[in-house]
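Visitor: One structure, as structure tokens, below. Some questions next.
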Amino acid sequence: MISVADLLTHNRVPGNYFAFETYVRGDLELGLLENRQGERLLALPATLIQAIYAGLEKETGQASRLVLFNCGKWWGKCFYTRFCEQLAGYYNTSVAAMSMADFLQALQQCWRCHGWGRLELDQTYQASGFLVVNIWNSPYARLAPAGHHPVCHLEAGVLASFFSSLAGRELYCLQTTCESMGADCNRFILGLPHRLEPAETMVTNLNHDAILQQLCPASAP
Amino acid sequence: MSPHLATLFDEAEHRYLKPEELKQMSQYVGSLPERIVIYRTLRNRELEVMQAVTHQLQLALPQAGQVELERSLRQALLMLRHCAMAMLLNDETIIQEYVSWVGPTARIFNTLSLDILLCRLLNQQLAQLFSSQQLAYLTPLLQLAQQAFSAAPLPPANH
């Protein structure tokens, strides 16, 4: 028979590491935000995010999307490392030993806890080599200047880098819908660069489903 | 402490508490000795209760896999600990956070029927352990937590 005592780890039942109430801690006297491990958290004021968009646009023009994407890639690489360290420490197991469902659920909780919105994965096109990530309530979309193109280049870079580290292969990330353009959520397609990059030009004249049909006609629902 | 009561302390510089707010505070403080008794019982007898549940669960589902059983039992332990803390502090938000996290997992691993049976057995064990008066503190929170294993859509997350 299963022994309940054996199910406990040092009398502990690991739960949701990224539960907001326990993950984010503030020190009023010092004016610092920390996570539950005592690592510093950075709160980005809306004005700063808006200023980054405006400043980059002024300084680099059209290249600003590439700057943000590459910043996101760097951020995503560090984020993946920290994320894995935190999970491994908390669950007392290596990330490789975790089930993919637990890992991805922790990612969703982490994303939400940091105020980056609600993230969900759509694995409909996984067999064709594409993963769709949907994000609702993104502050980076909400604070971006409205335009005719998706603007979450920073998040696209983070996702590309995070899932590249997870898959062990270089992946590209393409945003197809954006809340800043009135869409219900931000949709991102992840896949191998040589398969996904040609779809970059489709974003201006095709919707999300049509782009996926072009990318993988055989498996479109 | 419930977020509603906690916000009362922020009012100190603005006003004195209204009679109904004082009554709420008084009710919570008056219920604290009983809440502490329930919490202490749960803390001290957690393993005994859960071991009895485990025994009954394995008898009821002899074909269930060890991995699935262990996963569901861990979630039930977690649920009981969250309910105990929520009961002690009279704070439902602890449970809402738990539900938003556990619900999707139960669906992904397709352990809903196992979890529902486990919850029923756990409720039976707790009914033997506590008086009806004590259960009145615990049952609403257990029911809220066990929404995670219902077939209905989960309530939206707060953040």
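Visitor: Under the definition of Cα pairs under 8 Å and six or more residues apart, what whole-number percent is the relative contact order of the stretch B:32-149? Don't skip to the answer; put the middle values down first.
Guide: Numbers: 92 pairs, mean separation 46.0, N = 118.
Reported as a whole number, the value is 39 percent.
Visitor: Can you pull out the GluC sites (Glu not before Pro) in the stretch A:22-108 whose DSSP state is coil and whose Cβ has at most 16 other Cβ atoms within 10 Å? Kindly include the intermediate steps, with their values, before the conclusion.
Guide: Numbers: sites: A:Glu29, A:Glu34, A:Glu39, A:Glu57, A:Glu59, A:Glu85; in loops: A:Glu29, A:Glu39.
Passing both the DSSP loop test and the Cβ count: A:Glu29, A:Glu39.
Visitor: For q = 0.11, 0.16 Å⁻¹, what log10 I(q)/I(0) does the stretch A:1-97 give under the Debye formula with an equal point scatterer on each alpha carbon and no solvent?
Guide: -0.55, -0.92
Visitor: Further question on the same structure: Within 10 Å of each Cβ in peptide B:68-75, how many partner chain Cβ atoms are there on average? Round it to a whole number, please. Each step should come with its number before you reach the end.
Guide: On the way: counts 0, 2, 4, 3, 0, 4, 7, 2.
Taking the mean over all residues of the peptide, I get 3.
Visitor: Could you list A:Thr124, A:Thr81 so that the one with the fewest beta carbons within 10 Å of its beta carbon is first and the one with the most is last? The partial results should precede the final answer.
Guide: Values: A:Thr124 15, A:Thr81 11.
With the sparsest Cβ surroundings first, the list reads A:Thr81, A:Thr124.
Visitor: Using only Cα atoms, locate the centre of the stretch A:96-156 and the centre of the stretch A:24-72, then give the distance between them in Å, rounded to an integer.
Guide: Between the Cα centres of the stretch A:96-156 and the stretch A:24-72 lies a distance of 18 Å.
Visitor: Kirkwood hydrodynamic radius of the stretch B:1-44 from all distinct Cα pairs, in Å? All intermediate terms of the calculation are to be shown ahead of the outcome.
Guide: Values: mean 1/r = 0.0844 Å⁻¹.
Computed over Cα pairs of the stretch B:1-44, the Kirkwood hydrodynamic radius comes out at 11.9 Å.
Visitor: Moving to a separate point now. Relative to the present Cα-Cα distance, how much length would full extension add between A:Ala210 and A:Glu57 at 0.36 nm per residue of separation?
Guide: On the way: separation 153, 0.36 × 153 = 55.08 nm, distance 2.97 nm.
Extra length from A:Ala210 to A:Glu57 when fully extended: 52.1 nm.
Visitor: Also: Tell me the relative contact order for the stretch A:47-219 as a rounded percent, counting alpha carbon contacts under 8 Å between residues six or more apart.
Guide: Result for the stretch A:47-219 is 22 percent.
Visitor: Provide Rg over Rh for the stretch A:147-187; use the alpha carbon set for both Rg and the Kirkwood Rh (inverse mean inverse pair distance).
Guide: Ratio of gyration radius to Kirkwood radius for the stretch A:147-187: 1.06.
Visitor: Return the Rg/Rh ratio of the protein assembly as shown with Cα-based radii and a Kirkwood Rh.
Guide: On the way: Rg = 24.1 Å, Rh = 23.6 Å.
That ratio is 1.02, to two decimals.
Visitor: If you don't mind, there's one more thing I want to ask. Would you work out the relative contact order for the stretch A:84-159, in percent, from Cα pairs under 8 angstrom that are 6 or more residues apart? The partial results should precede the final answer.
Guide: Details: 57 pairs, mean separation 12.7, N = 76.
Worked out over the stretch A:84-159, it gives 17 percent.
Visitor: Hey, got the average number of other protein chain Cβ atoms within 10 angstrom for residues in A:13-21? Please list the in-between numbers first.
Guide: Working: counts 11, 2, 11, 8, 1, 2, 7, 5, 6.
Mean number of neighbouring Cβ atoms from other chains: 6.
Visitor: Excluding A:Pro217 itself, calculate the net charge of residues whose Cβ lies under 15 Å from the Cβ of A:Pro217, where each Lys or Arg counts +1 and each Asp or Glu counts -1.
Guide: Here the count lands on 0.
Visitor: Normalized C-alpha radius of gyration of chain B, against 2.2 N^0.38 Å? Can you show the working numbers first?
Guide: Numbers: Rg = 17.7 Å, N = 159, 2.2 N^0.38 = 15.1 Å.
Rg over 2.2 N^0.38 Å, computed on Cα atoms: 1.17.
Visitor: Going by how many other beta carbons lie within 10 Å of each one, how would you line up A:Ile49, B:Ile36, A:Ile189, fewest first? Intermediate values should be presented prior to the final figure.
Guide: Values: A:Ile49 16, B:Ile36 11, A:Ile189 25.
So the ranking, lowest neighbour count to highest, is B:Ile36, A:Ile49, A:Ile189.
Visitor: Mind listing the Cα extents of the stretch A:124-221 along all three principal axes, in Å, largest one first?
Guide: 34, 28, 21
Visitor: Next question, about the same structure. Above 12 Å lies some portion of the pair distances; for the stretch A:1-53, what is it as a whole percent of all C-alpha pairs? Show your work: numbers first, answer last.
Guide: On the way: 1030 of 1378 pairs.
Roughly 75 percent, rounded to a whole number.
Visitor: Ranking B:His82, B:His4 by Cβ neighbours within 10 Å, fewest first, what do you get? Please list the in-between numbers first.
Guide: Values: B:His82 25, B:His4 12.
Starting with the residue having the fewest Cβ neighbours, the order is B:His4, B:His82.
Visitor: Separate question: Full extension from B:Gln143 to B:Thr93: what is 0.36 nm times the residue separation minus their Cα-Cα distance, to one decimal in nm?
Guide: On the way: separation 50, 0.36 × 50 = 18.00 nm, distance 1.37 nm.
The span from B:Gln143 to B:Thr93 would gain 16.6 nm if fully extended.
Visitor: How are the C-alpha pair distances of the stretch B:48-136 spread across 10 Å bins, as whole percents from the shortest bin up?
Guide: 15, 47, 32, 6
Visitor: How big is D, in µm² s⁻¹, for chain A by Stokes-Einstein at 4 °C and 1.567 mPa s if Rh is the Kirkwood radius over C-alpha pairs? Walk me through the numbers before you get to the answer.
Guide: On the way: Rh = 19.0 Å.
It diffuses with D of about 68 µm²/s by this estimate.
Visitor: From the residues A:Gly157, A:Gly26, B:Ala76, which one has its Cα farthest along the dipole of the protein assembly as shown in the positive direction, the dipole being from +1 and -1 charges on Cβ of Lys/Arg and Asp/Glu about the Cα centre?
Guide: B:Ala76
Visitor: Which one, B:Leu17, B:Leu73, B:Leu141, has the greatest fluctuation when you compute a Gaussian network model over chain B with C-alpha springs under 10 angstrom?
Guide: So, out of B:Leu17, B:Leu73, B:Leu141, the one fluctuating most is B:Leu17.
Visitor: Over all alpha-carbon pairs in the stretch B:69-120, figure out the percentage whose distance exceeds 17 Å.
Guide: On the way: 451 of 1326 pairs.
That tail contains 34 percent of the Cα-Cα pairs.
Visitor: Take the stretch A:27-156, drop everything but the C-alpha atoms, weight them equally and run the Debye formula without solvent; then report log10 I(q)/I(0) at 0.12, 0.16, 0.18, 0.22 Å⁻¹ to two decimals.
Guide: Per q value, in the given order, log10 I(q)/I(0) is -0.59, -1.01, -1.21, -1.46.
Read the figures in this text as sums done on the coordinates, not as results from a lab. Not measured: the values here are computed from a predicted model. In this analysis, Cβ positions are derived from the backbone assuming ideal geometry, glycine residues included, and neighbour counts consider all displayed protein chains.
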